[in-house]
Amino acid sequence: MAENKRGGSFYDAPQVAERYLGHRHSGVSSPNHVMEEPAFLEELGEVTGLRVLDLGCGDAAIGQVVLDAGCRSYLGLDGSAAMVEAGNSALYGTAGRVEMVDIEDFSAPPSSFDLIVSRLAFHYVEDIEPVLASCHECLSPGGRIIFTVVHPILTSHDPGVQGKRTSWVVDDYFLQGPRERQWMGGTVTWFHRTIEDYVALLTKSGFSLTSLSECAPREDRFNGDADELARRRRVPLFLLLAGMRA
Ligand SMILES: C[S@@+](CC[C@H](N)C(=O)[O-])C[C@H]1O[C@@H](n2cnc3c(N)ncnc32)[C@H](O)[C@@H]1O
C-alpha cells in the first residue's frame, strides 16, 4: 500500500488538483456534472438563512451556489493547499471562505451549523465514525447532512483499465478497507465501505436517514449525447446519503 497520507495530500501532488478540476468541470464528459451534481442539488433544497459547512470542499464550487441562494454563511474545509487556494479565489469578494483543515481533525461548537455537505471526500477517510459524531455535535437540532462518495461498486475493485472503460469487475465487496487506485496521474488510497456500512454509520451517529440515491444519470444534462448517456447508465458511480439530526 502507498504511504499512509491523508486524502488532501494527494491533491497537492504535481498537477493533480489542476487535472481534477479540469475533469470535474468538463461538462457532459464529467460524471460529476451528469450524475452527482443533479442528485446533490435535488437533495440540497432550500438553503436560505442556513449556516453551511462543506467538508472536503475542493474549489468550493457549491459554496458559490449556496451563497447565491441566500445561505447565511459558508465555510469550506479542505486538506489540500492547492484546493484551499482555488476555493478562496473562487469565493473572493463573497461572505464565504475556505480553511485548510483535515476532515479527521475538524470540530466545532454545538449548534454552529444548520447544514453539512461533503461531496466525494468521505471515501478518503479511513474512519468516518468520529467525523459523523463531530457533524452530529455541531449541527443544530433538525440540521441536515448530505454527502456523496464514490459508489461502493467502484471502490470495491479497480479494473486497472486506462481510458474509457467497457467493463467493470466487482470483487472483495464485503471487505471494508483501503484500496489503492491509479487515478488522475497518481496513486490514491480510497477506503471501501458497502452501502449498508454507510447507512449503519450514519444512523449509529444519531442521524435519521432521509435519503439514499445512486445518482442515476440525468438525461437533460447530456446535451443530446445518446452514446454518453447509454455509457453512464451502465454502472453506478456515486452514492448519496442524507440524514437529519434529531
Ligand atoms: C474528489 S475531490 C471533491 C472536491 C469537491 N467536494 C467537489 O465536489 O468538487 C475530494 C476533495 O476532498 C479533499 N480531501 C480528501 N481527503 C481529505 C481529508 N482527509 N481532509 C480534508 N480534505 C480532504 C481533497 O483535497 C479534495 O479537495
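The values are calculated or read from the model by the stated rules, or taken from the named source; none is laboratory data. These figures come from a predicted structure and were not determined experimentally. We place every Cβ from the backbone using ideal geometry, glycine too, and count neighbours over all the protein chains shown. What goes into the accessible areas is simple: the full protein's heavy atoms, side chains included, and nothing from ligands, DNA or RNA. Shrake-Rupley method; radii C 1.70, N 1.55, O 1.52, S 1.80 Å.
Taking the helices alone, the chain has a mean residue ellipticity at 222 nm of -7500 deg cm²/dmol, built from -39,500 (n - 2.57) per DSSP H run of at least 4 residues and averaged over all its residues. Specify the angular offset, from 0 to 90 degrees and rounded to the nearest 10, of the alpha carbon long axis of helix 81-90 from the longest principal axis of the alpha carbons in the chain. Compared with the principal axis, the helix lies near 60 degrees. Ranking Phe207, Phe222, Pro152 by how far each Cα lies toward the positive end of the dipole of the range 143-229 (charges on Cβ) leaves Phe207 at the top.
Rounded is the label for the chain, because the ratio a/c of its alpha-carbon gyration tensor axes (a ≥ b ≥ c) stays below 1.5.
Which angle between 0 and 90 degrees, to the nearest 10, do you get for helix 129-138 versus the longest principal axis of the chain when only C-alpha atoms count? Long axis of 129-138 versus the principal axis of the chain: about 30 degrees. Computed about the Cα centre, the dipole magnitude for the range 175-226 is approximately 240 debye when only Lys and Arg (+1) and Asp and Glu (-1) carry charge, each at its Cβ. Distance between the 7 Å Cα→Cβ label points at Ala81 and Ala200: 4.0 nm. Sorted from longest to shortest, the spans of the Cα atoms of the range 10-113 along the three principal axes equal 37, 29, 27 Å. Between the listed residues Tyr92, Pro109, His33, the Cα displaced farthest toward the positive end of the dipole of the chain, a dipole computed from Cβ unit charges relative to the Cα centre, is found at His33.
Its relative contact order, with pairs defined as Cα atoms under 8 Å and 6+ residues apart, puts the chain at 21 percent. Counting only DSSP beta bridges with both residues in the chain, the antiparallel share comes to about 55 percent.
Working note: Karplus 6.51/-1.76/1.60 with θ = phi - 60° gives the range 108-119 the couplings 8, x, x, 6, 8, 9, 10, 8, 10, 10, 8, 10 Hz, where Gly and Pro are set to x. Accessible area per residue for the range 13-143, computed on protein heavy atoms with a 1.4 Å probe, is 41 Å².
Under 5 Å between amide hydrogens, built in the peptide plane, is the criterion, and for His151 it picks out Phe238, Leu239 among residues at least 5 positions away or on other chains.
Please work out whether the range 10-69 counts as rounded, prolate or oblate from its C-alpha gyration tensor, where a ≥ b ≥ c are the square roots of the eigenvalues and a/c under 1.5 means rounded, while otherwise a/b larger than b/c means prolate and anything else oblate? Oblate is the answer for the range 10-69, as a/c is 1.5 or above yet b/c matches or exceeds a/b. Loop-located GluC sites (Glu not before Pro) in the range 69-167 (DSSP state other than H, G, I, E, B) with a sparse environment of at most 16 neighbouring Cβ atoms within 10 Å: Glu126. For the range 38-62, backbone nitrogen atoms closer than 20 Å to the point 7 Å from Arg233 Cα along Cα-to-C-beta are found at 38-39. Given axes a ≥ b ≥ c from the Cα gyration tensor, I'd like to know whether the range 90-143 is rounded (a/c under 1.5), prolate (a/b larger than b/c) or oblate. Oblate shape, in that a/c is at least 1.5 and b/c is the bigger or equal ratio. Looking at the chain, identify the longest residue range that excludes and avoids all chymotrypsin sites (Phe, Trp or Tyr not before Pro) in DSSP loops having at most 10 other Cβ atoms within 10 Å. The longest uninterrupted stretch comes out as 1-91.
Computed about the Cα centre, the dipole magnitude for the range 112-192 is approximately 440 debye when only Lys and Arg (+1) and Asp and Glu (-1) carry charge, each at its Cβ. Dipole magnitude for the chain: about 320 debye, using +1 per Lys or Arg Cβ and -1 per Asp or Glu Cβ, origin at the Cα centre.
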